[in-house]
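The values are calculated or read from the model by the stated rules, or taken from the named source; none is laboratory data. Only a predicted model underlies this, so the values are computations on that prediction, with no experimental measurement involved. A quick note on method: Cβ atoms are made from the backbone with ideal geometry, for glycine too, and the neighbour counts reach across all protein chains shown.
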Protein chains: 2
Amino acid sequence: MTSKQEFIEKLRNSRLRPTKQRINICEVLFNRYKTFHFTINDLFNLIKDKTGEKVSLATVYNTVHAFHKKGYLKEIPINSNQTYFDTNVTDHHHFFDVKEEKLIDLKNEDVGPIEIQKSIPGKKIKSVEVLVKLED
Amino acid sequence: MTSKQEFIEKLRNSRLRPTKQRINICEVLFNRYKTFHFTINDLFNLIKDKTGEKVSLATVYNTVHAFHKKGYLKEIPINSNQTYFDTNVTDHHHFFDVKEEKLIDLKNEDVGPIEIQKSIPGKKIKSVEVLVKLED
DNA sequence: TTCGTTGTTTATAATTATTCTAAAGAAGAT
DNA sequence: ATCTTCTTTAGAATAATTATAAACAACGAA
């Protein structure tokens, strides 16, 4: 459980003004025990449900992008009509249940080390992500 | 080099009527030595350039989806505003050059075996794909 | 070959996620 | 307080994709 005050500090430290909207979004995103996978739309609806206050869709987009840029959210590479984000920004992988359209975390240990044996001159590796699609 | 006749047969065998448009699309997609990564828009423009004949955008969508369903194309899981497809439907992985927005193949041997140590009851693994993002 | 059926193409409209815009409002600094 | 800068917001704009429905083309049977 993170207090509102801690979110305010975190925002200030990131040079993001601690507005009511951003704090609400923090509560929804980061006051959780488990990692959270979501789309902008999921989040938009959850904010209303969980905080009772409405935040405009544009602000949800703005804030998610700001948090992503600051490294507080991770974008999950998956083909879907909507973009998925993850509150778990550590290096890890995913199952994607194609039927249910649901993401499940895979710990790094669940996948084991991945050795990339090829390199491209002038480029370095930024991330290595595994997506395991599941079917029935 | 695959002949037009071979494409016609392949289409018939898949219970897809061999129309002029589909044959043109086959020529652009499959008459290649190297694997081909593309977006619908790439393909739409290439058809005009390479065959001199125009195919409507709707048909490009229809055909790509039909080919994907038949397993002749693979969708590459990547977050982009456009969906990427691959003519290489074998099990393999990708580099994605974030700056240039370009995909590069990674052979299975370049990545090595990936052991998924976790399982979800009632679900089986459909595919395992690695995306390696590259930066400068 | 002709005809009826069914599948396909097409222009265009509709949908949907996302981004842009510009004005009003709130936070921070002086 | 006041001024500046950042943020929020509704709504418009954009862009990829999907749906629609009419014209057309391929197929199979007679």
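Quick one: would you say B:Val55 is among the β-branched types (Val, Ile, Thr) and out of contact with any strand residue (DSSP E or B) (no Cβ under 6 Å at 6 or more places or on another chain)?
Judged against the criteria, B:Val55 is a match.
Quick one: which residue in B:Phe44, B:Phe30 is away from DNA strand C (no atom under 11 Å from the Cβ) and at pLDDT 95 or above?
Of the residues listed, the single one that is away from DNA strand C (no atom under 11 Å from the Cβ) and at pLDDT 95 or above is B:Phe30.
Which is among the polar types (S, T, N, Q), farther than 18 Å from B:Leu57 by Cβ and within 12 Å of DNA strand D (Cβ to nearest atom), of B:Ser3, B:Ser14?
Sole residue among the options that is among the polar types (S, T, N, Q), farther than 18 Å from B:Leu57 by Cβ and within 12 Å of DNA strand D (Cβ to nearest atom): B:Ser14.
I'd like the residue in the stretch A:14-27 that is more than 15 Å from the chain's Cα centre (by Cα) and away from DNA strand C (no atom under 11 Å from the Cβ) and, out of all such residues, is nearest to the other protein chains (Cβ to nearest Cβ).
Within the stretch A:14-27, the match that is nearest to the other protein chains (Cβ to nearest Cβ) is A:Ser14.
What residue, among those in the stretch B:66-79 that are at the interface with chain A (Cβ under 9 Å from one of its Cβ atoms) and within 14 Å of DNA strand C (Cβ to nearest atom), is modelled with the lowest pLDDT?
Checked the stretch B:66-79; the qualifying residue modelled with the lowest pLDDT is B:Asn79.
Given (1) within 23 Å of the chain's Cα centre (by Cα); (2) over 19 Å from A:Ser80 (Cα atoms); (3) among the basic types (Lys, Arg), where does A:Lys123 come up short, assuming only one miss?
With respect to (1) within 23 Å of the chain's Cα centre (by Cα); (2) over 19 Å from A:Ser80 (Cα atoms); (3) among the basic types (Lys, Arg), A:Lys123 is out only on (1).
From the list A:Thr59, A:Thr87, A:Thr2, A:Thr63, which residue is farther than 30 Å from B:Glu115 by Cβ, among the hydroxyl-bearing types (Ser, Thr, Tyr), away from chain B (no Cβ under 14 Å) and away from DNA strand C (no atom under 16 Å from the Cβ)?
None of the other options fit; the residue is A:Thr2.
Looking at the stretch B:110-136 only, could you name the residues that are free of Cβ contacts under 8 Å to residues at least 12 places away in the same chain, facing chain A (nearest Cβ under 7 Å) and either at negative phi or acidic (Asp, Glu) (or both)?
Answer for the stretch B:110-136, where residues must be free of Cβ contacts under 8 Å to residues at least 12 places away in the same chain, facing chain A (nearest Cβ under 7 Å) and either at negative phi or acidic (Asp, Glu) (or both): B:Glu115, B:Gln117, B:Lys118, B:Ile120, B:Lys123, B:Lys124, B:Ile125, B:Lys126.
Would you point out the residue of the stretch A:98-109, among those that are facing another protein chain (nearest Cβ under 9 Å) and at pLDDT below 90, that is nearest to the chain's Cα centre (by Cα)?
Here the answer is A:Lys107.
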